């Protein structure tokens, strides 16, 4: 959800953002697998048992950071955020991103490919980078590679 928040914040205050780097952002309504699963429950169902169930599932699937974050988060807020990602809004995050004038980069994990709409981002002036040996949880899967890639992206500003 960080990408959607960063895009919206950058759209509201572009004067405060020199460069936008997004890690597998939600650009279109629909959300990801977990967001869709959360949004499919009523808020009451998620609060009463869904949060614990989803945290256990995340832990079993090898994502302890996501499981811990989900367990420690305010359940109604998590549910409402998931519903928001699935429903989207107007203007959409993709159109907001494309309307921004600062340098913009999107990083995707190699294991997440193929992602729909990735080629069109590059055609529309957004730099697209693929992080090897990583899926959506890039900072868990390949933290050193992510740090090096982010340093390279940020260094491009100083070279250009």
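Taking residue 86, is it surrounded by fewer than 14 Cβ atoms within 10 Å (Cβ to Cβ), under 14 Å from the mean Cα position of the chain (by Cα) and in a helix (DSSP H, G or I)?
In short, no.
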Q: Please give the number of the condition residue 62 fails out of (1) more than 23 Å from residue 30 (Cα to Cα); (2) modelled with pLDDT under 90; (3) part of a helix (DSSP H, G or I); (4) not assigned by TED's automatic domain parsing to the domain that holds residue 16.
A: (3)
Q.
Condition first: closer than 17 Å to residue 126 by Cβ and surrounded by fewer than 20 Cβ atoms within 10 Å (Cβ to Cβ). Now tell me which residues in segment 11-31 satisfy that.
A. 11, 14, 17, 18, 19, 21, 28
**Q.** From the options 10, 105, residue that is in a helix (DSSP H, G or I), in the same structural domain as residue 133 (by TED's automatic domain parsing) and under 23 Å from residue 130 (Cβ atoms)
**A.** 10
Q.
Being surrounded by fewer than 17 Cβ atoms within 10 Å (Cβ to Cβ) and either in contact (Cβ under 8 Å) with a residue 40 or more places away in the chain or within 14 Å of residue 23 (Cβ to Cβ) (or both) is the filter here; which residues of segment 92-112 pass it?
A. 92, 99, 100, 101, 102, 110, 111
Q) Picking from 34, 46, which residue would you name as being out of contact with any strand residue (DSSP E or B) (no Cβ under 8 Å at 6 or more places or on another chain), in a helix (DSSP H, G or I), touching a residue at least 24 places away in the same chain (Cβ under 8 Å) and more than 27 Å from residue 120 (Cβ to Cβ)? A) 46
Q | Pick from segment 121-146, criterion in a helix (DSSP H, G or I), touching a helix residue (DSSP H, G or I) at 6+ places or on another chain (Cβ under 9 Å) and at pLDDT 95 or above, ranking: surrounded by the fewest Cβ atoms within 10 Å (Cβ to Cβ) | A | 145
Q.
Given the condition loosely packed, with under 13 Cβ neighbours inside 10 Å, within 19 Å of residue 1 (Cα to Cα) and at pLDDT below 90, answer yes or no: does some residue in segment 32-42 qualify?
A. yes
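The values are calculated or read from the model by the stated rules, or taken from the named source; none is laboratory data. For clarity, every value in this text was computed on a predicted model and none was experimentally measured. Every residue, glycine as well, gets a Cβ built from its backbone with ideal geometry; the counts of neighbours run over all protein chains shown.
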